[in-house]
Every structure is written in C-alpha cells, then in structure tokens.
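K.L.:
Take a look at the following structure, please.
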C-alpha cells in the first residue's frame with residue numbers, strides 16, 4: 001500500500017548565524033561606528049571655531065592639540081626682572097620662542113644653555129627667545145640667572161598668561177610663533193637640542 | 001569598545017595627579033597621642049622633593065593640618081629620603097619616590113569621643129627626567145575615631 005502524506009513537511013526555519021551572539025556583534029559595530037561619527041563631527045566642528053575661541057585658555061593644552069597650529073598667539077605684556085615690559089605684539093615679524101621654565105625645574109635648566117646658543121646663532125635672522133619664568137619668587141629667578149646667565153630675555157609670568165594661555169601642564173613647555181604671529185608648534189617636556197633647532201629653522 | 005576605554009584610561013592617567021594618597025582611619029584614645037599612617041604613592045618615573053631638599057629654591061614636600069578644635073598635630077614622621085642624581089642636577093637631590101609612608105602624630109583632647117574628619121593639605125612638586133609638573137597643594141582628609149581614654 002502506498003502511503004501518501006496529506007501535507008509536505010515544513011522545512012526547518014534557519015536560525016540566524018550565531019543567534020544572540022550575532023545581535024551583540026551588530027550592536028557593538030553600530031556603537032563603535034556611532035562613536036567614530038560623533039568624534040569626527042566634534043573635531044570638524046572644533047576646526048571651524050573662530051581662532052580666538054580656540055585660543056582662550058587652551059594654548060598650553062597637550063601637544064597634540066590640532067587646533068594650535070595657525071592660531072594667532074594672544075598678545076601679552078610681561079615684565080623683565082628690571083621692570084621693563086615686553087609686549088608680544090611688538091615682536092610681530094620676528095620668530096618668537098616662548099620657553100616656560102622655573103628655577104625649580106631641573107629639565108628646564110638643561111635646555112637653557114641651548115636656548116642661549118640658539119639665540120646667539122639666529123639673532124640676526126630675527127629670532128627672539130623669551131624665557132617665561134613660572135617662579136613665584138623674583139629673587140629665585142634673579143639668583144638663578146646671576147649664577148647661570150642667559151643670552152635671551154627673561155620675563156616673569158606671575159600667572160598673567162593663565163587667562164589666555166592656560167597653565168602649563170608641565171615645564172619646560174615651549175611655544176614656537178611664526179613671523180605672522182601665529183603658532184607653529186608646541187613642545188612639552190625636555191626635547192632633543194637638534195629637534196628644538198629644527199623647529200626654529202622651519203619657521204625662520 | 002574595550003580599546004577605546006583603555007585609551008581613555010591612559011589619557012586620563014597622563015593628566016591625573018602624580019601623587020595619590022591612600023585614605024585611612026585612625027583610632028585613638030581621648031587625651032592620648034597616636035600616629036596616623038598616611039601612604040603617599042608617587043607615580044612611577046616621577047619623584048617629589050623631600051621635606052628637606054638640598055637647594056633652597058626647590059619646593060619641599062609639606063603636610064599641614066587645618067586647625068580643628070580638640071585636636072593637635074604633635075608632629076610628622078617623614079621617611080628617610082633618597083639622595084639621587086639626575087641628568088639635570090650636578091649634585092644629588094633629596095627626593096621621595098614610590099611609596100612614601102608619612103606618620104601624622106595627633107593628640108585628641110578631652111570631649112572628642114566620636115568620629116571626626118580632619119582636613120589637611122599636602123604640598124609637593126613632582127618631576128620626571130624630562131618634565132616638571134607645577135607645584136600642587138592637594139586636600140587630604142584624615143578620618144579619626146576617638147574612643148574613651
């Protein structure tokens with residue numbers, strides 16, 4: 001006797017590959033893509049901000065701050081030990097190096113003789129190096145410089161630059177400013193002498 | 001996601017405090033003196049000047065206690081500092097590195113039984129071989145349980 005079935009068996013419904021694991025993978029990919037999208041949009045928005053909005057209080061933020069290059073260096077007036085003021089605006093047309101240092105900063109003192117050499121070497125080409133002291137005590141600065149004279153001008157910060165430049169994350173911090181008054185680069189910490197000279201040569 | 005989280009942790013550590021203070025509680029008897037053991041942890045690769053640096057322009061590590069009625073700071077027991085030579089210093093400097101145990105001697109006066117939080121400040125200035133961080137004054141809370149003498 002031949003049997004015939006009244007209905008053909010329903011093929012088994014295939015389960016999605018990996019089941020629940022696959023769903024989590026999809027969710028993870030979407031989340032990562034979302035984060036990348038958000039980060040890119042924030043970076044693009046930041047690059048479109050006006051230069052002065054970038055500059056305020058953020059100049060001395062980490063060296064990989066992509067918004068620093070090309071930003072006009074905010075003007076400031078700082079005094080030397082003898083009280084003579086120095087205005088950054090008066091140095092337009094020069095290549096300016098701002099070396100943030102302090103008498104209690106050992107690594108800073110390694111760089112200071114290099115800055116003296118570089119100032120002497122490139123003075124005629126328009127290099128101006130300003131040593132910006134973060135010391136609280138003018139006497140400490142005076143005593144240190146009497147024992148270790150430098151060939152460039154030293155000015156006293158006394159937190160004057162905090163509003164526009166922010167506080168240094170560490171010392172030494174070096175800012176390189178081009179002849180047009182915009183930032184070229186920022187270096188945090190002790191750097192190789194040749195690298196410091198290369199930064200100068202690039203903008204001379 | 002894990003990689004992004006790790007990057008965030010690394011980035012945060014770069015700007016985080018170089019010195020961490022482990023919170024601790026001191027139990028002492030009324031009208032008695034006891035020593036609270038504060039543990040300072042200096043981040044690897046950094047040092048802080050000792051409480052008696054060799055050069056007067058170096059910023060000494062200091063601990064102070066805000067006045068609190070009924071309590072007296074009797075003294076501080078600093079550990080032995082390390083004399084260490086660095087590339088940037090001609091002579092060795094007197095520094096603290098790694099784990100720094102600081103003993104804070106306190107006296108609890110009369111009528112102080114109970115729990116108290118004493119407010120102190122730790123001032124230090126840290127450097128690595130390449131970089132010096134600005135001086136820091138950080139608040140440190142001392143938790144004290146005073147029991148009957």
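K.L.:
Can you name the residue in the range A:85-115 that is over 20 Å from the mean Cα position of the chain (by Cα) and within 14 Å of chain B (Cβ to nearest Cβ) and, of all such residues, is farthest from residue A:143 (Cα to Cα)?
P.N.:
Taking the candidates together, the pick is A:114.
K.L.:
If you don't mind, another one. Kindly evaluate residue A:63 against the criterion of being under 20 Å from the mean Cα position of the chain (by Cα), within 30 Å of residue B:57 (Cα to Cα) and modelled with pLDDT of 95 or more.
P.N.:
no
K.L.:
Being touching a residue at least 40 places away in the same chain (Cβ under 8 Å), closer than 30 Å to residue A:192 by Cβ and either within 14 Å of another protein chain (Cβ to nearest Cβ) or in a loop (DSSP other than H, G, I, E, B) (or both) is the filter here; which residues of the range B:89-118 pass it?
P.N.:
B:93, B:94, B:95, B:97, B:98
K.L.:
Within the range B:49-61, identify whether any single residue is surrounded by 15 or more Cβ atoms within 10 Å (Cβ to Cβ), outside any loop (DSSP other than H, G, I, E, B) and within 14 Å of another protein chain (Cβ to nearest Cβ), and answer yes or no.
P.N.:
Yes.
K.L.:
For residues that are surrounded by 20 or more Cβ atoms within 10 Å (Cβ to Cβ) and away from chain A (no Cβ under 14 Å), scanning just the range B:119-147, find the one that is nearest to residue B:42 (Cα to Cα).
P.N.:
That would be B:142.
K.L.:
With respect to the numbered conditions (1) closer than 22 Å to residue B:129 by Cα; (2) surrounded by fewer than 20 Cβ atoms within 10 Å (Cβ to Cβ); (3) in contact with a helix residue (DSSP H, G or I) (Cβ under 6 Å, 6 or more places away or on another chain), which one is the sole condition not fulfilled by residue A:152?
P.N.:
Among (1) closer than 22 Å to residue B:129 by Cα; (2) surrounded by fewer than 20 Cβ atoms within 10 Å (Cβ to Cβ); (3) in contact with a helix residue (DSSP H, G or I) (Cβ under 6 Å, 6 or more places away or on another chain), residue A:152 violates only (1).
K.L.:
Still on this structure, I have one more. Hey, residue A:118 hits all of (1) surrounded by fewer than 17 Cβ atoms within 10 Å (Cβ to Cβ); (2) more than 14 Å from every other protein chain (Cβ to nearest Cβ) but one; which does it fall short on?
P.N.:
Tallying (1) surrounded by fewer than 17 Cβ atoms within 10 Å (Cβ to Cβ); (2) more than 14 Å from every other protein chain (Cβ to nearest Cβ), residue A:118 fails exactly one: (1).
The values are calculated or read from the model by the stated rules, or taken from the named source; none is laboratory data. These numbers come from a predicted model, not from an experiment. So basically every Cβ, Gly included, is an ideal-geometry build from the backbone, and we count neighbours across all protein chains shown.
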